[in-house]
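Notes for the one structure printed next.
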Amino acid sequence: MPTPAPLIEMRGITKSFGAVKANEAVDLSVAPGEILGLLGENGAGKTTLMNVLFGAYAPDAGEILIQGQPARISSSADALAAGIGMVHQHFHLAARLTVLENLLIGIPGKSGRIDRAGGLARLAEISRQHGLTLDPSLPVSALSVGEQQRLEIVKALFRGARLLILDEPTAVLAPSEVDGLFSALRSMAAQGLGIIFISHKLNEVRALTHRCTVLRHGRVAGRVDDPANTTSAAMAELMCGHEIVPPARGPSTPGEAVLALDGISTSKHSGTTLRHISLVVRAGEILGIAGVSGNGQRALAEVISGVRAPDAGRMTIAGQNVSRFSPREVQALGLGRIPEDRMTTGLVTNLPLADSMVLPRIGTAAFSARGLLKPDAIRAFAEEQIKAYDIRCPGPMTRAGALSGGNLQKALLARELAFDPKVLIVSQPTRGLDIGAARFIHEKFLDMRAKGCGIIVIGEDLEELLVLCDRIAVMYEGHIAGTLDSADATVARLGLLMTGVEGRG
Amino acid sequence: MFRLEARTSTPAWFNLALPLLAIAATLVLCSGLIALAGAGVFESYGVMFAASLGDSYAITETLVRAAPMIFTGLAVAVAFRAKFWNIGAEGQLLAGAVASCFVGAIPMPGPLAMLLMALAGAAAGAAVALVPATLRVKFKVDDVVSSLLLNSVIYYALMALIEGPWKDSFSGYPISPPIEDSANFPVLIEGTRLHLGVIAALVAAPLIWFLIVRTTLGFRIRVTGENPEAARYGGIHVQRVLLSTALLSGALAGLAGVGEVGGVHFQVMSDISPGYGYSGIVVAMLARLNPLGVVPAAIFLAAVMTGAEAMSRATGVPAFLSDVIQGTALLAMLVALLFTAYRIRRVGAVQ
């Protein structure tokens, strides 16, 4: 879609953090009505570039032109005034306020009063134009993740955005919701808005975008003018600088059950309740748990990890009843876990990486004796794993929070796999990771499977589950809606189970 | 135009530079008040320095004053590491003082009395700290508020004690009976007040440092404070860690009271602590919650307190300046801490 006057143009943007050049001489432009894909591995500089555009960072060199006019954007307020709206990966919403109130935050009202009627009218207009329906009176806490994202988009449009930046918007959505998002984005583009779409999922990029800019090591590695007719492999190669071959899952030879859940239920604490979950993971098999987020996956992972006690049912590891075991006790029996949210439940970002790497096993003889730590052993363990897993960091004493997502995930993987777990439960193993890092993680899972470990992968990315898993169970509203052999499973069939359309399979 | 930008890492020398920067800023800011009071700034600070650190006697006096603040500073540092917001070191100190005075008044051999005083004082402080910690763990009561308000409860309980059953029937003063002479802490240097409790405080700091840095309990305290969710998922019993931390913190604050009774006042009166519990917060923050840093931070505040009195006598600047310096130092340190997370950048460099 060639258009002469770009809506926005970034020229020669350079931004360094200390010795690291996050962006170097990056050019990027978006025309009205254009959906631009912004691709790159983690650490390639996508986020920095968008933060420069959105006014969070001042570039060291380069300029930003808005409709041909040089613009100075030094705060998000400047960006909003210039018609740039951003939908972050983590939403910025006030949970207790209603949809309408969230839209009106920061909007000057009439003579000091909030203009609710005006807001309602404007919301109705935006909803109608792009099919983005929202109940204005609902509090944000009552919205699903997909609806919250819709609200973020509406919020940007409400403030008059002409350019919309979406940072990995599909990471949190179910397949059916992705379709809805895409049709809304296409409708916006058709009305002359510019859109920057950041994603790791190449099939989505190919389906949606008109043009792509690919970043690698902070520089523009290449541009793709016709994404629909470019192969994912070719794009992946541009991103990584080398060819990527998907891992091959050999035939499965499952052994005995290592983990079994029988009629596990939880009454309503917080979040979704589990209803009579029964499943079995055998040695040497990978079981996928698919489902739209919020259908009980988190509770299931917590029960299996020993963090939450089930109210009914029985859970066994290698035949031993562990229904009432603490996290430390199930771990001692050989359960490894990689939590969904690396930053909040996995690691301690403000402490040295080594501390996070020994956290679950600090009380064991490997890292302490009689209540005294063994600092040398802790350090040596961390150094060994950093080397073995090629975790990019200055050393084991680096603050964990300073590492990139992919390296943190490797660190979490290393800390669990170092102790040869019998059962491994992982949630969203590659969320937010680039192709190279994801590939590495997948290979490790397949290695563990070959060694006879039983693995449960909780995920939303169906393509990933289909590649990785031997069987896939689908969770819907706290129960297992069906389990499919991955040979029989397709995205479409799983999608039906995920939305509760198809019953037990 | 300047703006704040998030830092990716904090250089190690900041740990030393920031408190010094905060102290320098404090002295500069407070020099305005000295000038306002009509005295010479350099002269006043000179008197302060001479009276607090200028000769060996002054140094011992400063150390005697620093001892309780080392204990309360450690108490606060340990608690804050676990994000147990113990603002109640003052009350815990008073409880420790009362308990040790009670024990010290019972006739028994001196060394045994001192040991039991320390145990009783530590236990009393720990028991008081357990209240806000339990309320937080069991009922999610805000620990800042409960530990702070408990200070008044303890203070008035102490007043009731010394105005009531403990009142000196001979003089009628609201003071407790003195402890036995044999229970008085030995003085280490003849002619000074440098007592055994000061050494105990100086030894406690490296011990607590060791506990935080080198033990599994310390590890659990640090992890719980930085990320309770990750701690819970990692198999750490977070509530138990918080309660242990509270016991430790309260015991340390209680020991501050023990030292004041056994080494300085030998009895309990209403003004036994001029706010050492609150000063402990300033000390801990200046030390950036590092137990080793607590010692110099406490000595600095003690020097300000002793120095301010001498300055007041020599120059007529009110001794309240000491409180102003303390408060300003805390604020300056809080501002300085901003630089660990952010850097200042000039904007407008885009060309």
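The values are calculated or read from the model by the stated rules, or taken from the named source; none is laboratory data. Note that this is a predicted model, so its numbers are computed, not measured. Counting neighbours? That spans all protein chains shown, and the Cβs are built from the backbone with ideal geometry, glycine included.
From the list B:251, B:231, which residue is of a type in the set (Gly, Ala, Ser) and under 19 Å from residue B:101 (Cα atoms)?
Details: B:231 fails: under 19 Å from residue B:101 (Cα atoms).
Answer to the selection: B:251.
Suppose the filter is part of a helix (DSSP H, G or I), under 24 Å from residue B:280 (Cα atoms) and more than 14 Å from chain A (Cβ to nearest Cβ); does residue B:35 pass it? Judged against the criteria, residue B:35 is not a match. Can you find a residue in segment A:352-361 that is under 21 Å from residue B:240 (Cβ atoms), touching a residue at least 40 places away in the same chain (Cβ under 8 Å) and small (Gly, Ala, Ser)? Yes; the residues of segment A:352-361 include at least one that is under 21 Å from residue B:240 (Cβ atoms), touching a residue at least 40 places away in the same chain (Cβ under 8 Å) and small (Gly, Ala, Ser). Inside segment A:391-431, can you point out the residues that are farther than 16 Å from residue A:447 by Cα, touching a residue at least 60 places away in the same chain (Cβ under 8 Å) and more than 14 Å from every other protein chain (Cβ to nearest Cβ)? The answer is A:405, A:406, A:409, A:428, A:431. Taken over segment A:257-300, the criterion of being assigned to a strand (DSSP E or B) and within 17 Å of residue A:173 (Cα to Cα) is satisfied by A:289, A:290.
Does residue B:283 qualify as being touching a residue at least 60 places away in the same chain (Cβ under 8 Å), under 21 Å from residue B:78 (Cα atoms) and more than 14 Å from chain A (Cβ to nearest Cβ)? Don't jump to the end; show me each part of the working.
Working: touching a residue at least 60 places away in the same chain (Cβ under 8 Å): yes; under 21 Å from residue B:78 (Cα atoms): yes; more than 14 Å from chain A (Cβ to nearest Cβ): yes.
When the stated conditions are applied, residue B:283 passes them.
When B:133, B:124, B:77 are checked against the criterion of being closer than 30 Å to residue B:229 by Cα, surrounded by 24 or more Cβ atoms within 10 Å (Cβ to Cβ) and over 16 Å from the mean Cα position of the chain (by Cα), B:133 stands alone in meeting it.
Out of everything in segment A:147-204 that is part of a helix (DSSP H, G or I) and of a type in the set (Lys, Arg), what residue ends up being farthest from residue A:436 (Cα to Cα)?
Quick first cut of segment A:147-204, residues part of a helix (DSSP H, G or I) only: A:147-158, A:169-172, A:175-190, A:202-204.
Filter once more, so that each one left must be of a type in the set (Lys, Arg): A:150, A:155, A:186.
Values: A:150: 30, A:155: 34, A:186: 30 Å.
Once the filter is applied, the top-ranked residue is A:155.
Looking for something under 27 Å from residue A:199 (Cβ atoms), of a type in the set (Ser, Thr, Tyr) and in contact with a Gly (Cβ under 9 Å, 6 or more places away or on another chain) - is there at least one such residue anywhere in segment A:51-70? Checked against the condition, which is being under 27 Å from residue A:199 (Cβ atoms), of a type in the set (Ser, Thr, Tyr) and in contact with a Gly (Cβ under 9 Å, 6 or more places away or on another chain), segment A:51-70 yields no hits at all.
The set of residues in segment B:226-243 that are within 7 Å of another protein chain (Cβ to nearest Cβ) and not in a helix (DSSP H, G or I) comprises B:227, B:234, B:235. Going by the conditions given, is residue B:203 part of a helix (DSSP H, G or I) and either in contact with a helix residue (DSSP H, G or I) (Cβ under 7 Å, 6 or more places away or on another chain) or closer than 19 Å to residue A:355 by Cβ (or both)? So residue B:203 does not fit the description; no.
The set of residues from segment B:170-215 being surrounded by 14 or more Cβ atoms within 10 Å (Cβ to Cβ) and small (Gly, Ala, Ser) comprises B:176, B:182, B:183, B:197, B:200, B:201, B:204, B:205. Between B:258, B:223, the distinction of being over 21 Å from residue B:144 (Cβ atoms), facing another protein chain (nearest Cβ under 8 Å) and either surrounded by 18 or more Cβ atoms within 10 Å (Cβ to Cβ) or of a type in the set (Phe, Trp, Tyr) (or both) belongs to B:223 only.
Taking segment A:1-119 and the helices (runs of 4 or more DSSP H) fully enclosed by it, the elements with 3 or more residues that are buried (at least 17 other Cβ atoms within 10 Å of the Cβ) are at A:46-53, A:99-104.
Screening segment A:303-332 for residues that are basic (Lys, Arg) and either crowded, with 22+ Cβ neighbours inside 10 Å or touching a Ser or Thr at 6+ places or on another chain (Cβ under 8 Å) (or both) and picking the one that is modelled with the lowest pLDDT gives A:308. Selection of first residues in segment B:66-80 that are closer than 14 Å to residue B:91 by Cα and modelled with pLDDT of 95 or more and of second residues that are crowded, with 24+ Cβ neighbours inside 10 Å and aromatic (Phe, Trp, Tyr), restricted to Cβ pairs under 8 Å at least 6 apart or on distinct chains, gives the following pairs, ordered by first then second residue: B:68/B:276; B:69/B:276; B:72/B:276.
Considered as a group, the residues in segment B:7-50 that are farther than 30 Å from residue A:398 by Cβ and free of Cβ contacts under 8 Å to residues at least 12 places away in the same chain include one that is nearest to the chain's Cα centre (by Cα), and that residue is B:24. Would you confirm whether any residue within segment A:417-433 is in contact with a strand residue (DSSP E or B) (Cβ under 6 Å, 6 or more places away or on another chain) and hydroxyl-bearing (Ser, Thr, Tyr)? Yes, there is a match, as at least one residue in segment A:417-433 is in contact with a strand residue (DSSP E or B) (Cβ under 6 Å, 6 or more places away or on another chain) and hydroxyl-bearing (Ser, Thr, Tyr). Identify, please: which residue in segment A:28-75 is under 22 Å from residue A:240 (Cα atoms) and of a type in the set (Gly, Ala, Ser) and is, among those, nearest to the other protein chains (Cβ to nearest Cβ)? In this case the residue turns out to be A:43.
For segment A:328-343, indicate whether the set of residues that are among the polar types (S, T, N, Q), within 14 Å of chain B (Cβ to nearest Cβ) and over 29 Å from the mean Cα position of the chain (by Cα) is non-empty. Checking segment A:328-343: not a single residue is among the polar types (S, T, N, Q), within 14 Å of chain B (Cβ to nearest Cβ) and over 29 Å from the mean Cα position of the chain (by Cα).
Within segment A:490-502, the only residue that satisfies the criterion of being touching a helix residue (DSSP H, G or I) at 6+ places or on another chain (Cβ under 8 Å), aliphatic (A, V, I, L, M) and farther than 13 Å from residue A:289 by Cα is A:491. Of the residues making up segment A:360-390, just one is closer than 20 Å to residue A:441 by Cβ and within 13 Å of chain B (Cβ to nearest Cβ), namely A:360. Applying the condition of being touching a Lys or Arg at 6+ places or on another chain (Cβ under 9 Å) and β-branched (Val, Ile, Thr) to segment A:104-151 and asking which residue is farthest from residue A:175 (Cα to Cα) yields A:107.
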